[in-house]
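Reviewing the structure listed below.
The values are calculated or read from the model by the stated rules, or taken from the named source; none is laboratory data. Only a predicted model underlies this, so the values are computations on that prediction, with no experimental measurement involved. Using ideal geometry, Cβ is built from the backbone for each residue, glycine included, and neighbour counts are taken over all protein chains shown. Just so you know, the surface numbers come from the protein's heavy atoms only, side chains and all, with ligands and any DNA or RNA stripped out. Shrake-Rupley method; radii C 1.70, N 1.55, O 1.52, S 1.80 Å.
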Amino acid sequence: MNTKETMKVSNCGIKKLFGRFSSLAALITALTFGNPALAVPITFDFDFFDSSGTLIGDGFYTFDDIAPGTKASFASLTNFSWGFSVPGLGLSLDSSAGDVPSTDSLTNEGILLTGAVGSRTLSFFDDVAVKILHQDISRAFPIGIEFDDGDPTAVTYVESVSAANIPRFSVGTFIAREVAAVPEPATVTLMGLALAGMGYTRRKAAD
């Protein structure tokens with residue numbers, strides 16, 4: 001085998017290796033960033049205020065993260081759990097107790113995330129009506145906490161229902177802020193491998 005043939009075989013080997021690294025980088029990138037099974041759970045902390053701006057309660061939402069600026073129906077959220085507590089008004093709601101985030105439609109109602117990842121805020125939407133009631137199903141309808149499609153910070157606290165079926169309620173505001181997520185070790189490893197693979201392929205392409 002002469003020098004030219006040796007170089008040809010060597011270049012062929014490098015191209016094969018380059019192709020394998022490209023494929024590996026693409027695969028790891030797809031697994032890390034494109035596979036719903038590896039979606040990172042995200043949490044939003046809620047603060048509830050009365051009409052005077054006094055903090056009166058709190059809560060949380062946890063679900064597999066969705067793309068920034070995305071509207072997502074309650075029905076589409078995965079690994080979804082939530083809980084609200086406003087002790088002074090006797091309101092305590094929790095998805096683990098069977099309480100529901102929508103009394104109209106899990107498909108037409110849901111959440112909207114706005115802002116930069118890491119500091120997003122959460123609000124609610126209703127494609128058909130206006131109100132999104134999170135109901136305490138152990139008590140009379142419509143006891144619970146009601147959000148407003150038309151006002152991203154408005155909330156109504158429905159505390160009780162009279163014998164004449166008249167709800168007693170008060171109004172206030174809320175804010176739901178994103179809690180910074182800590183990636184799982186396996187996800188961090190995959191991301192590192194993906195970035196290393198992409199860096200290698202770019203260097204080779206430049207050569």
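Here are some residues: L106, L93. Which one is out of contact with any Ser or Thr (no Cβ under 6 Å at 6 or more places or on another chain) and assigned to a strand (DSSP E or B)?
Details: L106 fails: assigned to a strand (DSSP E or B).
After ruling out the rest, the residue left standing is L93.
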Discussion item. Being modelled with pLDDT of 95 or more and of a type in the set (A, V, I, L, M) is the filter here; which residues of region 116-136 pass it?
Written reply: L122, I132, L133
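Would you be able to say whether some residue in region 135-149 is among the β-branched types (V, I, T), open to solvent by 30 Å² or more (accessible area, probe 1.4 Å) and over 18 Å from D45 (Cα atoms)?
So the first thing to find is which residues in region 135-149 are among the β-branched types (V, I, T), and the list is 137, 143, 145.
Subset that is open to solvent by 30 Å² or more (accessible area, probe 1.4 Å): 137.
Add one more test, that the residue is over 18 Å from D45 (Cα atoms), and what stays is 137.
For region 135-149, residues among the β-branched types (V, I, T), open to solvent by 30 Å² or more (accessible area, probe 1.4 Å) and over 18 Å from D45 (Cα atoms): present.
If you scan region 68-90, which residues turn out to be assigned to a loop (DSSP other than H, G, I, E, B) and more than 20 Å from R177 (Cα to Cα)? Walk me through it before giving the result.
If we filter region 68-90 for residues that are assigned to a loop (DSSP other than H, G, I, E, B), which is where we start, we get 68-70, 77-80, 90.
If the condition is that a residue be assigned to a loop (DSSP other than H, G, I, E, B) and more than 20 Å from R177 (Cα to Cα), then G90 is the only one that fits.
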Item to complete: Please enumerate the residues belonging to region 159-182 that are within 19 Å of D47 (Cβ to Cβ), open to solvent by less than 40 Å² (accessible area, probe 1.4 Å) and of a type outside the set (G, A, S).
Response: E159, F174, E178
Item to complete: Would you confirm whether any residue within region 68-90 is at pLDDT 95 or above, open to solvent by 40 Å² or more (accessible area, probe 1.4 Å), within 26 Å of V171 (Cβ to Cβ) and under 20 Å from the mean Cα position of the chain (by Cα)?
Response: no
